[in-house]
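S.K.: Got a structure here, written out as structure tokens. Questions coming.
The values are calculated or read from the model by the stated rules, or taken from the named source; none is laboratory data. Bear in mind that the values here come from a model prediction, so they are computed numbers and not experimental data. Glycine also receives a Cβ, built like all others from the backbone with ideal geometry; neighbour counts cover every protein chain displayed. What goes into the accessible areas is simple: the full protein's heavy atoms, side chains included, and nothing from ligands, DNA or RNA. Shrake-Rupley method; radii C 1.70, N 1.55, O 1.52, S 1.80 Å.
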Amino acid sequence: MTNSPQTPGLAAARLPAETIIAGFANYDPAMQPHEAAVAADRCYFCFDAPCVAACPTDIDIPLFIRQIATGTPEAAAVTILSSNILGGMCARVCPTETLCEGSCVRETAEGKPVEIGRLQRYATDVAMQSPQPFARDTATGKRVAVVGAGPSGLAAAHRLAMRGHDVTIFEARPKPGGLNEYGIAAYKATGQFALREIDWLLGIGGITLECDTALGRDVSLETLRRDFDAVFLGVGLGGVNDAGLGAPNGVLRDAVDFIAELRQTADLSALPVGRDVVVIGGGMTAVDAAVQSRLLGAENVTIVYRRGQDRMSASGHEQDHATASGVRIRTNAAPVALHRNGSGAEIEFAYTEDGPSGLQHLAETFRLPADQVLSAIGQRLSVMPDGLIVAGGKIAVTGPGRSALPGVWAGGDCTDEGEDLTVSAVAQGRDAAEDIHAWLMGKDHG
Ligand SMILES: Cc1cc2nc3c(=O)[nH]c(=O)nc-3n(C[C@H](O)[C@H](O)[C@H](O)COP(=O)(O)OP(=O)(O)OC[C@H]3O[C@@H](n4cnc5c(N)ncnc54)[C@H](O)[C@@H]3O)c2cc1C
Ligand code: SF4
């Protein structure tokens, strides 16, 4: 067991390396062809299918399932990818239980939906063995800057390239992918899937990727507007909210930062984790940080959320996944202080009551031992160029991603539209790209 010198309560290799590797292996394995055929046979191919209405990217689900049922998974993949170019990643990370599968008539009638997510993965895995299937339209001579190589930026870039425009993506980090590469739980996207999918997507051509180039540091919005015919901002939410417990230190850390390090660590058995880990928050990030701490070998992992369990933004399925992984969930408690001692800390919580006048901290408190505290209480914009309007801490957009600045669009988590999900970011990037295309072409002809 390796002890980290800076943080005495943390240690790597709390479990044997092979146990850690097995824990992080794909938790939802791929379907075999016969399994896919049986699953596809359960679909009623509904007219006005509710599963399609529930999909933010409007994939024609009954059509692709029929294509699988008739033994043409390549055609099924084209159906999926023409609506959602990151259909492979979405098949792995979408909360299908609240989207397509949650609306499936077989879920409503029998409590057992058609396995749409796994079928989508089956078809897209087949497609990714060949070059991406879309061709570029005749070159328009127009140039579009995309800022951010996350799901929204990549979806926008691919659709713009397809429409014949030349695209340059400016990405602040050393690698593309956004949260697909730095945030999604490691066990959902194994085998470097995010980077493989991007390589495949870029195969369309016409897209130049410039990593280590940040808007606001290396390039300004003014310059991009001058040098390109249109700009798309897909910068996500790089800033983190403050838990009010002081600056990050050897015990307190931002959960997104912890997960990013985990995603970039080649040998997970070398990654230090606490014995007693407390995660503050109630969303997907809190669940992912907690579950992955357990998989690294933390003995006691507790998620503490300030309101009731029904108000947690993590879905019931995710909450069940956390508890099945040995994570405790405590609700109606808010952190008030972090008490350091020699090798770790105790975190003090006030009980809370959620009433008509908002959330009240009660006088009674309790403490949990914690040699690692991960804060997962939400993110905010890290970049805000002049001229953009902010609503609810995000870039305000109208229609398909139009910002307040002419020639500038935005999509994904950084905007005030839709839910903060991979699939919503893809839908918004794609729709903004179509609007940019119409605008660029209209400007030429009108
Ligand atoms: C820990 C975690 C787990 C999640 N798990 C899931 C899940 O299981 N399923 C799901 O559907 N959703 C999940 N989400 C949400 C999902 O990841 C996001 O909704 C989605 O990634 C948003 O895509 P985006 O393109 O808007 O932003 P991002 O993915 O954040 O990408 C933004 C990109 O812009 C870059 N950037 C930022 N600022 C600049 C700048 N100034 N200049 C240049 N580039 C910049 C960033 O480096 C990044 O690459 C999770 C989120 C988190 C935090
Ligand atoms: S709702 Fe279910 S049964 Fe109907 S088309 Fe969609 S997946 Fe098939």
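S.K.: How many of the residues making up the stretch 104-158 are within 16 Å of ligand 2 (Cβ to nearest atom) and assigned to a loop (DSSP other than H, G, I, E, B)?
M.R.: Residues in the stretch 104-158 being within 16 Å of ligand 2 (Cβ to nearest atom) and assigned to a loop (DSSP other than H, G, I, E, B): 6 in total.
S.K.: Here is a follow-up. Go through (1) open to solvent by less than 20 Å² (accessible area, probe 1.4 Å); (2) at negative phi one by one and return the number of the condition GLY148 breaks.
M.R.: Here GLY148 clears every test but (2).
S.K.: Still on this structure, please answer the following. Could you check how many residues of the stretch 420-435 are free of Cβ contacts under 8 Å to residues at least 60 places away in the same chain and either open to solvent by 50 Å² or more (accessible area, probe 1.4 Å) or assigned by TED's automatic domain parsing to the domain that holds SER313 (or both)?
M.R.: 1
S.K.: When you check ALA13 against the structure, is it more than 27 Å from the chain's Cα centre (by Cα), away from ligand 2 (no atom under 13 Å from the Cβ), at pLDDT below 95 and not assigned by TED's automatic domain parsing to the domain that holds LEU99, yes or no?
M.R.: For ALA13, the condition - more than 27 Å from the chain's Cα centre (by Cα), away from ligand 2 (no atom under 13 Å from the Cβ), at pLDDT below 95 and not assigned by TED's automatic domain parsing to the domain that holds LEU99 - is met.
S.K.: List every residue pair whose Cβ atoms sit under 7 Å apart, with the two residues 6 or more apart in sequence or on different chains, where the first one lies in the stretch 50-74 and is closer than 20 Å to SER130 by Cα and away from ligand 2 (no atom under 11 Å from the Cβ) and the second, anywhere, is open to solvent by 20 Å² or more (accessible area, probe 1.4 Å) and small (Gly, Ala, Ser).
M.R.: Note: pairs meeting the criteria are GLN67/ALA75.
S.K.: Out of all the residues in the stretch 167-191, which are at pLDDT 95 or above, over 15 Å from the mean Cα position of the chain (by Cα) and under 30 Å from SER325 (Cβ atoms)?
M.R.: Within the stretch 167-191, ARG173, LYS175 meet the criteria.
S.K.: I'd like the full set of residues that are within 11 Å of ligand 1 (Cβ to nearest atom) and either open to solvent by 50 Å² or more (accessible area, probe 1.4 Å) or among the β-branched types (Val, Ile, Thr) (or both), limited to the stretch 173-197.
M.R.: Answer for the stretch 173-197, where residues must be within 11 Å of ligand 1 (Cβ to nearest atom) and either open to solvent by 50 Å² or more (accessible area, probe 1.4 Å) or among the β-branched types (Val, Ile, Thr) (or both): ARG173, PRO174, LYS175, LEU179, ILE184.
S.K.: Condition first: away from ligand 1 (no atom under 16 Å from the Cβ) and closer than 27 Å to GLY378 by Cα. Now tell me which residues in the stretch 220-256 satisfy that.
M.R.: ASP242, GLY244, LEU245, GLY246, ALA247, PRO248, ASN249, GLY250, VAL251, LEU252
S.K.: Suppose the filter is near ligand 2 (Cβ under 10 Å from one of its atoms) and touching a Lys or Arg at 6+ places or on another chain (Cβ under 9 Å); does ALA40 pass it?
M.R.: Taking the combined requirement at face value, the residue satisfies it.
S.K.: Please specify each residue of the stretch 78-108 satisfying the condition of being open to solvent by less than 40 Å² (accessible area, probe 1.4 Å), among the hydroxyl-bearing types (Ser, Thr, Tyr) and within 17 Å of the chain's Cα centre (by Cα).
M.R.: Of everything in the stretch 78-108, just one residue is open to solvent by less than 40 Å² (accessible area, probe 1.4 Å), among the hydroxyl-bearing types (Ser, Thr, Tyr) and within 17 Å of the chain's Cα centre (by Cα), namely THR96.
S.K.: Please go through the stretch 329-353 and pick out each residue that is in a loop (DSSP other than H, G, I, E, B) and modelled with pLDDT under 95.
M.R.: Once the filter is applied, which keeps residues that are in a loop (DSSP other than H, G, I, E, B) and modelled with pLDDT under 95, the stretch 329-353 yields ASN341, GLY342, SER343, GLY344.
S.K.: Mind checking which residues of the stretch 34-48 are of a type outside the set (D, E, K, R) and touching a residue at least 24 places away in the same chain (Cβ under 8 Å)?
M.R.: Residues satisfying the conditions are ALA36, ALA37, ALA39, ALA40, CYS43, TYR44, CYS46.
S.K.: One residue is enough: does the stretch 58-77 have a residue meeting the conditions within 22 Å of the chain's Cα centre (by Cα), more than 14 Å from GLY117 (Cβ to Cβ) and of a type in the set (Asp, Glu)?
M.R.: Within the stretch 58-77 (the criterion being within 22 Å of the chain's Cα centre (by Cα), more than 14 Å from GLY117 (Cβ to Cβ) and of a type in the set (Asp, Glu)), the answer is yes, since at least one residue qualifies.
S.K.: Of everything in the stretch 22-36, what is at pLDDT 95 or above and either of a type in the set (S, T, N, Q) or open to solvent by 40 Å² or more (accessible area, probe 1.4 Å) (or both)? Give them in sequence order.
M.R.: The answer is GLN32, PRO33, HIS34, GLU35.
S.K.: How many of the residues making up the stretch 376-392 are farther than 23 Å from GLU222 by Cβ and open to solvent by less than 60 Å² (accessible area, probe 1.4 Å)?
M.R.: Final tally of qualifying residues: 3.
S.K.: I need the full set of residues from the stretch 118-138 which are free of Cβ contacts under 8 Å to residues at least 60 places away in the same chain and either in contact with a strand residue (DSSP E or B) (Cβ under 9 Å, 6 or more places away or on another chain) or not hydrophobic (A, V, I, L, M, F, W, C) (or both), in order please.
M.R.: Correct list: THR124, GLN129, SER130, PRO133, ASP137, THR138.
Residue-by-condition table, conditions (1) in contact with a Leu (Cβ under 8 Å, 6 or more places away or on another chain); (2) of a type outside the set (S, T, N, Q); (3) farther than 30 Å from THR124 by Cα:
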{"position": "LEU201", "(1), (2), (3)": "yes, yes, no"}
{"position": "THR208", "(1), (2), (3)": "no, no, no"}
{"position": "ARG225", "(1), (2), (3)": "yes, yes, yes"}
{"position": "PHE228", "(1), (2), (3)": "no, yes, yes"}
{"position": "VAL231", "(1), (2), (3)": "yes, yes, no"}
{"position": "GLY244", "(1), (2), (3)": "no, yes, yes"}
{"position": "ILE259", "(1), (2), (3)": "no, yes, no"}
{"position": "ARG263", "(1), (2), (3)": "no, yes, no"}
